[in-house]
């Protein structure tokens with residue numbers, strides 16, 4: 001299926017495989033550990049069995065990070081103190097391997113790819129995201145991370161989160177890279193005006209993206225849809241990625257089964273979106289950088305959860321007594 | 001310093017290096033990311049600079065996990081439904097590579113060593129822990145994890161935490177591997193009786209360990225002291241490790257600078273001890289297995305935090321504009 005369209009991708013996204021999940025739960029009950037003693041990692045590994053349709057599911061390696069970069073018209077409204085040229089400068093920094101996401105990716109053996117989303121309309125951006133996921137999976141990736149770079153991109157993220165969840169602009173608008181009270185009040189009013197002007201309908205995700213989204217938000221939604229269609233998990237990063245996740249789930253609710261929440265960003269909209277999606281983040285350390293950094297930190301945890309189902313002895317095989 | 005005594009080790013534990021920490025903070029301010037955007041990872045990397053006395057501090061690899069195994073007289077009082085023979089069976093499982101800690105360690109490239117703590121008196125156990133840390137550092141480890149295995153060992157851990165923090169038996173006694181309400185009430189009363197009988201003095205850690213501790217708790221305290229004396233960080237696992245940490249800090253308060261809280265165990269005493277020590281865990285996923293598992297999950301996060309100081313470009317070097 002070369003270069004699948006959005007419609008073809010949506011048709012390929014399906015539910016979790018219930019028998020594989022039951023098999024993973026049953027296997028967990030026989031492994032040499034007290035029942036439930038791995039906490040949230042047990043259900044995570046069960047869900048990944050459901051995604052792959054096999055028990056155990058494949059160990060999710062190697063990982064590939066796609067950093068979607070874009071610029072934003074809302075920049076002109078004074079929502080950030082950073083120069084807009086930083087988006088392009090940081091793209092060069094990613095390509096040179098000098099950004100935080102590169103350092104974190106080297107730690108865990110993940111590749112980093114930068115995708116320039118230059119289009120202003122959402123459908124090509126969504127389909128660029130789908131194609132990126134397809135390509136990375138074809139190249140061998142077995143888990144994906146959606147990262148982002150775009151000066152001013154927390155403003156459209158806030159508007160998207162408000163549009164999809166019904167939360168107020170005050171609940172979802174945050175300080176991004178670190179803005180003062182005055183600029184935060186202005187940024188919140190910009191989000192509120194955008195929502196009042198466009199009145200986006202959450203049942204029409206392409207319309208929401210067209211009205212208040214940015215290129216990388218749309219591309220990330222497509223990336224998640226593309227991964228889910230291939231039944232490969234995506235680890236969700238911070239507020240940009242989770243706003244894309246809301247769009248992806250609005251396109252196809254079953255995409256949720258492929259999403260692993262990597263971390264809780266300090267940006268308030270991220271927590272609103274995670275709660276709406278029912279996702280519980282693996283890491284919660286106050287990061288607010290984007291680029292995919294928080295999600296990359298979670299990659300070894302996801303792999304460890306799956307390794308348990310491959311490598312841990314059963315009570316029977318190890319000759320360990322049960323209670 | 002072959003086989004240092006407890007007294008020699010205590011004399012070698014010192015404070016964090018303030019100029020190295022200042023240098024790490026200054027370096028962070030020049031890296032290509034918004035100030036503070038890595039949240040708790042920034043202060044973690046600063047502290048590790050203070051521990052090593054260099055900026056940047058060494059990347060904390062390779063990691064070595066020492067699983068201290070012991071049996072406990074309190075087993076006879078009916079505090080767990082598991083047969084006592086499971087301690088020894090699990091030691092064989094660790095040696096065969098079939099336990100969860102082995103799977104997690106393989107994911108992150110850590111070695112796993114099992115140390116049988118057969119002695120019933122605390123000083124030899126503490127010094128066995130010191131020697132283990134010395135040996136692993138001599139063999140090249142640059143970060144250590146203290147794990148544990150011992151049927152019934154959450155009972156002495158609860159008593160240690162109550163003794164060192166002043167918390168009540170009800171606050172610190174938990175379900176361990178998963179016991180019912182009736183056994184939990186009995187276990188709590190066993191802890192309360194031990195404390196009432198011995199009235200351990202928290203200013204005398206060897207006395208507290210002798211009165212209510214177990215071999216692996218004492219060994220883990222020594223292990224942390226030995227690591228701190230070598231200025232190598234120790235990632236703290238769950239309720240057993242953190243009860244050992246309380247003893248280590250009672251021996252030498254500066255040991256705290258070498259301790260990184262790996263995760264928050266679901267066992268209630270762990271949170272009491274972490275709060276008392278002022279440690280904020282890196283991972284909080286409801287694990288309650290011990291073996292060092294939660295700490296091993298955190299190892300890549302610690303390494304990632306340090307990598308930032310080695311590998312991320314500065315605004316100046318990367319030609320990225322500042323706000």
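Brief remarks follow.
- Only a single criterion out of (1) over 17 Å from residue B:238 (Cβ atoms); (2) touching a residue at least 60 places away in the same chain (Cβ under 8 Å); (3) buried (at least 23 other Cβ atoms within 10 Å of the Cβ) is not satisfied by residue B:144, namely (1).
- Some residue of the range B:77-90 being touching a helix residue (DSSP H, G or I) at 6+ places or on another chain (Cβ under 9 Å), away from chain A (no Cβ under 14 Å) and either assigned to a loop (DSSP other than H, G, I, E, B) or surrounded by 16 or more Cβ atoms within 10 Å (Cβ to Cβ) (or both): yes
- Of the residues making up the range A:53-67, one or more are touching a residue at least 24 places away in the same chain (Cβ under 8 Å), under 23 Å from residue B:42 (Cβ atoms) and within 17 Å of the chain's Cα centre (by Cα).
- Candidates B:111, B:45: the one that is within 20 Å of the chain's Cα centre (by Cα), surrounded by 20 or more Cβ atoms within 10 Å (Cβ to Cβ) and in contact (Cβ under 8 Å) with a residue 24 or more places away in the chain is B:45.
- Residue within the range A:297-311 that is out of contact with any helix residue (DSSP H, G or I) (no Cβ under 8 Å at 6 or more places or on another chain), surrounded by fewer than 23 Cβ atoms within 10 Å (Cβ to Cβ) and over 23 Å from residue A:257 (Cα atoms) present: no
- Flag if residue B:219 is modelled with pLDDT of 95 or more, more than 14 Å from chain A (Cβ to nearest Cβ) and in contact with a strand residue (DSSP E or B) (Cβ under 6 Å, 6 or more places away or on another chain): yes
- Residue check, residue A:256 within 7 Å of another protein chain (Cβ to nearest Cβ), in contact with a helix residue (DSSP H, G or I) (Cβ under 6 Å, 6 or more places away or on another chain), in contact (Cβ under 8 Å) with a residue 12 or more places away in the chain and not in a loop (DSSP other than H, G, I, E, B): no
- Selection status of residue B:29, within 13 Å of another protein chain (Cβ to nearest Cβ) and surrounded by fewer than 22 Cβ atoms within 10 Å (Cβ to Cβ): yes
- Those helices (runs of 4 or more DSSP H) lying entirely in the range B:263-323 with at least 2 residues at the interface with chain A (Cβ under 10 Å from one of its Cβ atoms): B:293-311, B:315-318
- Filter pass, residue A:153 being over 18 Å from residue A:235 (Cβ atoms) and either surrounded by 21 or more Cβ atoms within 10 Å (Cβ to Cβ) or away from chain B (no Cβ under 14 Å) (or both): yes
- The residues on offer are B:224, B:183, and the sole one that is in contact (Cβ under 8 Å) with a residue 24 or more places away in the chain and closer than 22 Å to residue B:263 by Cβ is B:224.
- Subset of the range B:48-76 [buried (at least 19 other Cβ atoms within 10 Å of the Cβ) and part of a helix (DSSP H, G or I)]: B:48, B:49, B:50, B:51, B:52, B:74
The values are calculated or read from the model by the stated rules, or taken from the named source; none is laboratory data. Note that the coordinates shown come from a computational prediction; the quantities given were computed from them, not determined experimentally. We place every Cβ from the backbone using ideal geometry, glycine too, and count neighbours over all the protein chains shown.
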